[in-house]
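Just below is one structure, and these are the notes that go with it.
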Amino acid sequence: MSSSTKNAKNMSFISLIPSVWFGVFLLFPILMTFLMSFQKRGTYGGVEWVFHFDNYIRVFDLIYLKIFWKSLLLSGSTTLICLVIAYPLAWALVTLPQRTRSVFLLLLIIPFLTNMLIRIYALKVITAFDGPFIALLVQMGIEVDRFTVSQNIWLVMYGMVTTYLPYMIFPLYAAMDRMNFSLVEAAQDLGACPRHVLFQVLVPNTYKAAVTGASLVFIPCLGEYLIPDLLGGAKSMLMGNLITEQFLKARDWPFGAALAMILIFLLMIFIFLSSRSKGGASGKA
Amino acid sequence: MALILKNIVKKFNSQTVVQDLSLKIEDGEFFSLLGPSGCGKTTLLRMISGFETPDSGQILLDGQDLTPIPSNERPFRMVFQSYALFPHLTVGENLAFGLKIQKTPKEEISERVENALNLINMLDYKNRFPETLSGGQCQRVAVARAFINEPRVLLLDEPLSALDKKMRDHMQTELRAIQRKLNITFIFVTHDQDEAMTMSDRIAVMERGYLKQVSSPHEMYSSPANAFTASFLGDMNVFVHSGQKVFIRPERTLVSLSPMASDLVSYSGEVINKLFKGVFWDVYVRLSTGGVVKCLVDSKNEDMMEDLTIGKEVQVGYSQVYAHVFETE
Ligand SMILES: Nc1ncnc2c1ncn2[C@@H]1O[C@H](COP(=O)(O)OP(=O)(O)O)[C@@H](O)[C@H]1O
Ligand SMILES: [Mg+2]
């Protein structure tokens, strides 16, 4: 009896750690940011303690709205591309024999575990102004504008897709692996053609994993600032870059805070929608 | 009008799993494929359904070669060992799956689904999801989903092996009843000889890819064609008589405290165990020539059973009429 209460005490102490962590490193900074977003930029940087909504009003400037829209578009298309690539890839993986499968999984995991900065820098070097990619194009006699090729939105998208693709593949792979393969055979046996099998058996049974994968790709993409910075240069400023810039260069912390709050708000909407669509699916399955 | 398998050979890598197998299955037959685990039953069934392609040989339905026809166009339906019910669909939707693909009109679908559910006594379960059903119910839904398209042949791969004994006995009767009602061919795979015996019109016994014997349960039991079928189907005692193995069913093996009649072949032995089974006693006797045999003694024979104590010297014998002797293979 006494040992069990002691145990319970220990347990409650242990379970306190994540709450404290959560409070100190997540809730508190968000609260700070939230408060700061209503303040005013100091003349020499820093913050002036007043309460106003000017920062939020400024966000509705066309320049910023365009950046928001571009970020949403880029993250959305990255997510979509990842889904389109990952779905057949995950399927191919689960239908491979066990041994070859491990090899391919390893090939996916190694770049995934390689530091993102290194990977993106490598890509930057390869496609740089005077890098090997452009040299190759020139060698092949293709006339290019060096500046457009070395830094553009497509490169940013390429970087984003390669970085976040594994986040889409792994949940899909896990779901397909868990799925009883005889369901596919059963569908074929009942007369289903490959399209039927895909849309009436595979998709409904892996739908939740796809939503999970989409969240895992979309959410970090929307806040991404490193990839657009390194591969897109000044031309592809996204929300993440805008916020970083406010804090580090423009020294307008309150405006940066307001932008950050809006980003968080957008993400919360997305998370809410995705968890609702998952809940809806589980109600049916 | 029949399903004919002609000289089917199937290899996986270098291992031959089905060896030059020929079979004819009649319309409306309840046909069982019986054999120990790994003998190639599932592979044979998957070749019939079109999931595997034979390396050589033909599968003919009413004289038409099925080899080039993909599985989704063959008039067969498979009942999977794991049931393979679609977890995201209700029982009713599972049954309707095949009909919808065939673009059956809506009213007809719902009518046929109702009929099928009625046949398996599960009308109230139409809107339930598979995960809320018991094993036996899943089993029945899987069977109904297969027969609702009115296939020519239903292929069942050990459909009862995941059920507990009581449910299995019940489902044996139920499946047989469904088959009689629908009057379609059932090809039923099992490794359980009792199951094959109670359910089938005919049984095909397989061993390591070879077809050992095809006949009715009664014929297979009373006149097995080889040593493998003899000992695989039901119990067999093995005696050695003038250097040859002689197979005798326990119910044809006699035990006695006094010497046997002269027209019987007899051996002396010692009772080593007796088990009461209700209608019969199983009496185990170790022969003085070596080996243990089992004899059945009617439990009405109370006086005799009292004398047959463990350790008692007895005579065991059989009539040549019931002896099965096979060429050694
Ligand atoms: N896809 C496959 N690849 C390789 N070997 C297989 C495959 N399917 C079955 N086998 C082998 O074929 C033999 C027969 O298997 P199977 O038909 O499943 O037997 P049963 O159903 O009678 O238990 C087994 O030795 C099994 O290992
Ligand atoms: Mg099998």
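Report the FRET efficiency, 1/(1 + (r/R0)^6), for B:GLN320 and A:ASN180, where r is their Cβ-Cβ distance and R0 is 51 Å, rounded to 0.05.
Given R0 = 51 Å and the Cβ-Cβ separation, E is 0.40.
When ligands, DNA and RNA are left out and all protein chains stay put, how many square angstrom of accessible area per residue does the protein assembly as shown have with a 1.4 Å probe? Write out the running numbers ahead of the final one.
Working: 32160 Å² over 614 residues.
Result: 52 Å² per residue.
What does the charge count near B:ILE248 come to, summing +1 for each Lys or Arg and -1 for each Asp or Glu among other residues with Cβ under 14 Å from its Cβ?
Working: positive: B:LYS245, B:ARG249, B:ARG252, B:LYS294; negative: B:ASP235, B:GLU251.
Result for the local shell: +2.
Just want to confirm a number: the relative contact order over chain B, from Cα pairs under 8 angstrom separated by 6+ residues, in percent.
Numbers: 618 pairs, mean separation 55.2, N = 329.
With pairs under 8 Å counted, the relative contact order is 17 percent.
Say a paramagnetic label sat at a point 7 Å from the Cα of B:ASN301, along Cα to Cβ; which residues of segment B:263-284 have their backbone N under 12 Å from it?
B:280-284
What is the distance in Å between the Cα centres of segment B:17-48 and segment A:86-118?
Spelled out, the Cα-based centre of one part sits 39 Å from the other.
Relative contact order for segment B:151-269: what percent, with Cα pairs under 8 Å and sequence separation of 6 or more? Kindly include the intermediate steps, with their values, before the conclusion.
Values: 114 pairs, mean separation 18.0, N = 119.
Once divided by the residue count of segment B:151-269, the mean separation gives 15 percent.
Could the peptides A:130-137, B:110-117, B:94-101 be put in order, highest first, of the mean number of other beta-carbon atoms found within 10 Å of their residues?
Top to bottom by mean Cβ count within 10 Å: B:94-101, B:110-117, A:130-137.
Can you name the helices of chain A, as whole DSSP H runs, whose Cα span along the helix axis is 24 Å or more and whose Kyte-Doolittle mean is not below -1.0? All intermediate terms of the calculation are to be shown ahead of the outcome.
Numbers: long enough: A:2-22 (31 Å, 0.17); A:62-95 (49 Å, 1.55); A:153-178 (37 Å, 0.91); A:203-223 (30 Å, 0.98); A:253-284 (46 Å, 1.24).
Once both thresholds are applied, what remains is A:2-22, A:62-95, A:153-178, A:203-223, A:253-284.
Which whole number gives the average count of other chain Cβ atoms within 10 Å of the Cβ atoms across peptide A:174-183? Can you show the working numbers first?
Numbers: counts 0, 0, 0, 0, 0, 1, 7, 2, 9, 8.
Partner Cβ neighbours, averaged per residue: 3.
Rounded to the nearest 20 debye, what is the charge dipole size of the protein assembly as shown about its Cα centre when +1 sits on each Lys and Arg Cβ and -1 on each Asp and Glu Cβ? Can you show the working numbers first?
Values: 56 positive and 54 negative charges, 468 e Å.
Computed about the Cα centre, the dipole is about 2240 debye.
Run the quick spin-label model on B:LYS181 and A:PHE247: label points 7 Å from Cα toward the beta carbon, then report their separation in nm to one decimal.
6.9 nm
So for chain A, averaging the separation of alpha carbon pairs under 8 Å that are six or more residues apart and normalising by length, what relative contact order in percent results?
27 percent
Any idea how far the Cα center of segment A:152-184 sits from the one of segment B:270-329, in Å?
67 Å
Calculate the dipole size of chain A relative to its Cα centre from +1 charges on Lys and Arg beta carbons and -1 charges on Asp and Glu beta carbons; express the result in debye to the nearest 20. All intermediate terms of the calculation are to be shown ahead of the outcome.
Working: 21 positive and 13 negative charges, 133 e Å.
The calculated dipole for chain A is roughly 640 debye.
Count the net charge of all other residues whose Cβ sits under 14 Å from the Cβ of A:LEU93, scoring Lys and Arg as +1 and Asp and Glu as -1.
On the way: positive: A:ARG99, A:ARG101, A:ARG178; negative: A:ASP177.
In short, +2.
Search the structure for amide H atoms under 5 Å from the amide H of B:TYR210, placed 1.01 Å from N in the peptide plane, and list their residues when 5 or more places away or on another chain.
So B:TYR210 has HN proximity to B:GLN19.
May I ask you to order B:9-16, B:136-143 by the average number of other C-beta atoms within 10 Å around their residues, highest value first? Each step should come with its number before you reach the end.
Numbers: B:9-16: 12.2, B:136-143: 22.9.
Per-residue Cβ counts within 10 Å, averaged per peptide and sorted highest first, yield B:136-143, B:9-16.
Which net charge results when you count Lys and Arg as +1 and Asp and Glu as -1 among the other residues whose beta-carbon is under 12 Å from that of A:VAL197? Please list the in-between numbers first.
Numbers: positive: A:ARG195; negative: A:GLU185, A:ASP189.
Net charge around A:VAL197: -1.
Counting pairs on different chains as well as pairs 8 or more places apart, how many Lys pairs in chain A have Cα atoms under 26 Å apart?
Count of close lysine pairs: 13.
Cut-off under 27 Å on the C-alpha distance; same-chain residues fewer than 8 positions from B:LYS312 excluded. Which lysines are left, in chain and number order?
B:LYS245, B:LYS274, B:LYS277, B:LYS294, B:LYS300
So what is the calculated 222 nm ellipticity per residue for the protein assembly as shown, using -39500 (n - 2.57) for each DSSP H run with n of 4 or more, over all residues, to the nearest 500 deg cm²/dmol?
Details: 22 runs with 297 residues, N = 614.
Using -39500 (n - 2.57) per qualifying helix, the result is -15500 deg cm²/dmol.
Across the residues of A:132-145, average count of Cβ atoms on other protein chains within 10 Å?
Working: counts 0, 0, 0, 0, 0, 0, 0, 0, 0, 0, 0, 0, 0, 0.
Mean partner-chain Cβ count within 10 Å for A:132-145: 0.
List the residues whose amide H sits under 5 Å from the amide H of B:ASN237, counting only those 5 or more places along or on another chain, with H placed 1.01 Å from N in the peptide plane.
Those lying under 5 Å, H to H, from B:ASN237 are B:ILE248, B:ARG249.
Rank these residues by their accessible area, most exposed first, probe 1.4 Å: A:PHE104, A:PHE51.
Values: A:PHE104 100, A:PHE51 145 Å².
Putting A:PHE104, A:PHE51 in descending order of accessible area: A:PHE51, A:PHE104.
With a 10 Å radius around each residue's Cβ, average the other Cβ atoms per peptide and rank A:243-254, B:146-157, highest first. It would help to have the intermediate numbers written out before the result.
Values: A:243-254: 16.9, B:146-157: 20.9.
Packing proxy ranking, top to bottom: B:146-157, A:243-254.
Quick check for me: using +1 on Lys/Arg Cβ and -1 on Asp/Glu Cβ, what's the dipole size of segment B:2-229 about its Cα centre, in debye to the nearest 20? Write down the numbers at each step before the final one.
Details: 26 positive and 28 negative charges, 48 e Å.
Charge dipole of segment B:2-229: 240 debye, to the nearest 20.
If r is the Cβ-Cβ distance from A:LEU96 to B:GLU93 and R0 is 30 Å, what FRET efficiency results, to the nearest 0.05?
Values: r = 31 Å, r/R0 = 1.04.
With R0 = 30 Å, the Cβ-Cβ based efficiency is 0.45.
Across the residues of A:192-200, average count of Cβ atoms on other protein chains within 10 Å?
On the way: counts 5, 4, 1, 0, 4, 1, 0, 0, 6.
Per-residue shielding by partner chains comes out at 2.
Straight-line reach from B:LYS181: which lysines have a Cα under 22 Å away, not including same-chain ones fewer than 8 places off?
Answer for B:LYS181, where 22 Å is the Cα cut-off: B:LYS126, listed by chain and number.
Rounded to the nearest 10 degrees, what's the angle between the helix B:91-101 long axis and the longest principal axis of chain B, both from Cα atoms, 0 to 90?
Once rounded, one gets 60 degrees.
The values are calculated or read from the model by the stated rules, or taken from the named source; none is laboratory data. Worth saying up front: this structure is predicted, and the values here are computed from it rather than measured. Reconstructed Cβ throughout: ideal geometry from the backbone, glycine too, with neighbour counts over all protein chains shown. Surface accessibility is based on the protein's heavy atoms, side chains included, excluding ligands, DNA and RNA. Shrake-Rupley method; radii C 1.70, N 1.55, O 1.52, S 1.80 Å.
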